[in-house]
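To keep things clear, I will list the structure first and then write my remarks on it.
Derivation of every value follows stated rules applied to the coordinates shown; laboratory data play no part. All of these numbers come straight from a predicted model, not from anything done at the bench. Positions of Cβ are backbone-derived with ideal geometry, glycine not excepted, and every protein chain shown enters the neighbour counts.
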Amino acid sequence: MIELTVAVIQVLLLVLLAPLASGVTRKVRAKMHTRQGTSIFQDYYDLAKLWRRCEVQPGGAGLVSRAMPPIFLGTMVIIAAGLPLIARACPVPLLGDVITVLYLMALPRFMFSLAALDSAGSYTAVGGVRELLLGVLVEPALILTLMVLALACGSTNLGVMADSVASLAAYPPVAVVVAGVAFACACYVEMGKLPFDVAEAEQELQEGPLAEFSGPSLAMLKLGMSVKQLVVASLFVAVFLPFGAASVATPLGLAAGLVLFVAKLAFVMLAAAVIENAVMRVRYQYLGRYTWFVFGLAALSFVFLVIGI
Amino acid sequence: MLDFSLVNVLGACLIITSMAVVLARTGRVSAQFYALQSAVLVALFVALGAVTGSTELYLWSASAFATKVLLVPGILLFTLRKVGDSADVDLPPKLSPMKCVGLVAVEVFVCFVAVSGIDLPTAAAVKPTLAVALAHFFIGLTCIVIQRSIFKQIFGYCLMENGSHVALALLAPQAPELVEVGIATDAIFAVIILAVMVCRIARTTHTLDADDLAELKG
C-alpha cells in the first residue's frame, strides 16, 4: 500500500511541479538577459487558458494526431510512477526496469514524429525529423551508460542500481563515475534544452510538431514536455545521485527523502537552466559532433568497466 | 581503502586527465591539465608506496612533484609566452574530439588485452593500472599524430614519459632513486630541448603548424 502511495505522490509531484520548473527556467533566462520576465507561475496560467479553448485540427490529421497528446503525457506519468525517487526501491517494480524505461522514453518520441508527419504540414515534418535525429543520436549513449551501470550493480532494476550506488557498492567506481558524467550529458540532450532543441519562441521549426496543435491538446503537450524535462532529470538524480533517498520505507524517512529529492532536482534543473542560457542553438547537421562525444565518454566508461577500474 | 584498488582508481584518473590534455583547445589549458595529471601521478606513487611499503617510492614522488608538477608545466608555459600570441599554438587537432575519445577507449582496451597475457607476481593486483601505463604510450603517440601544432606535440612526449614512469613504479617499486633519475627524471632535459626548438622554429618560420613545416624538408 505504501508503495502505491509513494508512486502517486511521485506522479503528482512531478506533474504539478513541471510548469513551475519551466516558469523558473524562463525567469532565470529573463534575468540572464537582464529582462524583467514573466511570473514564475505563467505556465499554469497558459495551461489553464489553453484548456478552456476549443480544439482545431488540420484537415488531413487523423487518429495519430488526436491520440498523441494523451499518449505523450501518459507515458511520462507512467515513467514517473516507476522511478525510485524518494525511496531507494522502485515503488512499482514492474515499471522500474531500465529496459522498460528506455522503451517508454522512445514511445513518445515515435508518436511525436508520427504526429508531425500526420498533420501534413511541411514545417512540422522537418521538426519531426529533427526530433527523430536527436533520438537516434542520443539513445546509444543513454543505453550504453545504463548498461554499464547495470553490469556494475548486477541488476537492470533501477531500485537495485540506486541502492548499490547509494551504498557505494557499485564495483568499478571510476567506470560508474564516468558513466554518470556521460549520462548527465545524455540527459541534458534528452531534456530538449537549448543547444539541441526547443527554444522559447514558437516558430514552426523550433517547436516543430507543436505548430498544428491547439486547445487542450496543446496544453497536454506543453505540460508533457515540461514533465519530460523533470522526468529525465529525475532519472539522473534517481540513478546516479540517490544519496539521501529513504532506504527503508518509514514515513519519516520518506519525508526526508522527498525534501532531499526536491532539493537535488531543483539543483539539477537550475544548473541546466544556466547552461541553456550560456549557449546557442546548433544547426542540426552539427548535432552529431556533441552527441558522439557523449557516446565516446559512454564507450570509455564501458572500457573502464571491462578492465575493472 | 588503502589498497591496490586506490592505485587503480588513480590510474583511471590518469587516463581521464591525459584525455583532457589531448582535447584541451589551448596550449595553456593543456599545460594546466598536464600539471594536474602529474599531481595524480605523484598521488599514485604515494599510494603505491604506502601499499607496497617501499620507501623509495616516496623519494620518487618528491622528485616527480618537483619536475613534473612544477618544472615541466612551468617550462611549457614560459615557452608559450616566448612564442607569443601566434595563433598557431592553438591550431585545432586533425581528429574530432569524439574520435579522440573513441580512439583512447580502444587503446585502453587493447592494452588491457595485451597486459592480461602477462603473468607477473609483482603486477597481479594492479593489472588495470599496468594497462593504463601501457595505454599512455599510445595516447602520447595519438597526441603527436593528431596535433597540428608542434607545441602541443610536446605533450605527447610528456604523456608517453608519464606512462613509462608509472610502469616502472608498478613493476620495480624497490628500484633505487638513481635508476629512477636515469629513466624518468632526465626526461625534463628532453622537454627543455623541445621547448627551445619550438621557440626557434617559431622565430625563424613564423609558424607552428606541422603541415606547413613539412614543406621545409629536403
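Points to keep in mind about this one:
- Put simply, the amide H of A:Ala87, placed in the peptide plane, has neighbours under 5 Å in A:Ala246, leaving out anything fewer than 5 places away on its chain.
- Spacing of the modelled spin labels on A:Arg289 and B:Ile192, each 7 Å from Cα toward Cβ, amounts to 4.1 nm.
- Inter-site label distance for B:Val106 and B:Leu59 at 7 Å from Cα along Cβ, in nm: 4.3
- Sorted ascending by nearby beta carbons within 10 Å, beginning with the fewest, A:Thr291, A:Thr250, A:Thr100 become A:Thr250, A:Thr100, A:Thr291.
- About the centre of its Cα atoms, the range A:24-133 shows a dipole size close to 560 debye [charges on the beta carbon of Lys, Arg (+1) and Asp, Glu (-1) only; nearest 20 debye].
- The label-point distance for B:Ile183 and A:Val262, in a model that sets each label 7 Å from Cα toward Cβ, rounds to 5.9 nm.
- Which of B:Ile75, B:Ile150, A:Leu223, positive extreme of dipole for the protein assembly as shown (C-beta unit charges): A:Leu223
- If the segment from A:Ala278 to A:Thr34 were pulled out straight at 0.36 nm per residue, it would be longer than the present Cα-Cα gap by 86.5 nm.
- Subset of A:Lys228/B:Lys94; A:Lys49/A:Lys193; A:Lys31/B:Lys152; A:Lys193/B:Lys82; A:Lys27/B:Lys99; A:Lys222/B:Lys94 violating a 31 Å alpha-carbon distance limit: A:Lys228/B:Lys94; A:Lys31/B:Lys152; A:Lys193/B:Lys82; A:Lys27/B:Lys99; A:Lys222/B:Lys94
- When you restrict to C-alpha pairs under 8 Å that are six or more residues apart and normalise by the size of chain B, the relative contact order lands at 25 percent.
- Look at A:Asp43, B:Asp119, B:Asp186 and count the other Cβ atoms within 10 Å of each Cβ; fewest to most, that gives B:Asp119, B:Asp186, A:Asp43.
- Inter-chain neighbour count for B:106-119: the average number of beta-carbon atoms from partner chains within 10 Å of each residue's beta-carbon is 2.
- Counting Cβ atoms of other protein chains within 10 Å of each residue's Cβ and taking the mean over peptide A:171-184 gives 2.
- Within the protein assembly as shown, helix-based [θ] at 222 nm, where runs of 4 or more DSSP H residues each add -39,500 (n - 2.57), nearest 500: -24000 deg cm²/dmol
- Test item: A:293-300 mean partner chain Cβ contacts at 10 Å: 6
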